[in-house]
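The values are calculated or read from the model by the stated rules, or taken from the named source; none is laboratory data. Computed from a predicted model, the values in this text were never measured in an experiment. Cβ: placed from backbone, ideal geometry, glycine included. Neighbour counts: every protein chain shown.
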């Protein structure tokens with residue numbers, strides 16, 4: 001592993017100054033479960049690493065019915081699992097936390113780091129896409145808000161500027177009466193990346209699809225909302241054939257690859273079936 005400078009700022013402003021000083025050759029360290037592996041493997045060579053561990057207030061979860069859920073950049077997966085507001089109001093986020101790695105990883109890894117790393121197979125993006133979360137970002141030019149779907153720039157690439165830090169994730173209160181589920185299909189039940197990830201959040205009224213959201217992961221360069229599938233269902237009478245059509249539409253939006261875990265053809269068939277199952281389970 002190549003030598004690098006390690007900074008432990010006491011504020012976000014100080015962290016941004018260190019990042020700006022190294023002009024794209026520095027990275028932020030939250031939990032470090034991805035970054036340290038990359039550094040040790042020589043896949044990333046940096047001049048500096050800027051740790052957020054000494055900045056107060058980033059490890060908090062807050063919730064109000066009006067403002068929804070606020071998750072600081074240093075909140076771990078274990079904190080999400082232990083949070084009563086998450087369990088009561090955001091069951092898909094809790095399910096993603098349950099499926100995240102090992103106990104050791106959950107104790108250290110953070111949701112903000114999971115989002116910033118921008119892996120197509122990550123657990124965090126799917127529930128956040130379904131809940132239409134936003135990311136609070138701070139940099140030398142001030143603060144800005146990015147919809148979570150705009151954070152993903154490609155395979156392990158986010159859209160943050162080189163001197164910006166993701167400080168908080170804000171998750172609105174889900175639509176009243178909506179139910180959902182999240183499927184992480186993997187070769188092993190624990191400590192494995194998703195072959196395909198599918199999530200759905202559905203609200204129905206009088207036998208009609210009222211609000212439908214479908215999100216997919218591990219079937220393209222970044223996680224995304226399956227807008228075609230949502231359009232197939234929105235405003236239509238509930239029926240199995242229609243849901244099957246939504247699964248076909250979801251598959252048409254995918255661009256999976258063949259790798260050691262599965263072929264692209266297998267992934268496409270999984271999307272069709274898991275989309276059907278996720279919507280059916282959400283209705284029940």
Hits in the range 156-179 (condition: in a loop (DSSP other than H, G, I, E, B) and under 13 Å from the mean Cα position of the chain (by Cα)): 156
Unmet requirement for residue 231, which otherwise passes all of (1) free of Cβ contacts under 8 Å to residues at least 24 places away in the same chain; (2) under 22 Å from the mean Cα position of the chain (by Cα); (3) more than 24 Å from residue 156 (Cβ to Cβ): (2)
Meets criteria (assigned to a loop (DSSP other than H, G, I, E, B), modelled with pLDDT of 95 or more and within 20 Å of the chain's Cα centre (by Cα)) for residue 184: no
Residue count, the range 143-176 (criterion: surrounded by 20 or more Cβ atoms within 10 Å (Cβ to Cβ) and free of Cβ contacts under 8 Å to residues at least 24 places away in the same chain): 0
Selected residue [touching a residue at least 60 places away in the same chain (Cβ under 8 Å) and in contact with a helix residue (DSSP H, G or I) (Cβ under 7 Å, 6 or more places away or on another chain)] from 129, 81: 129
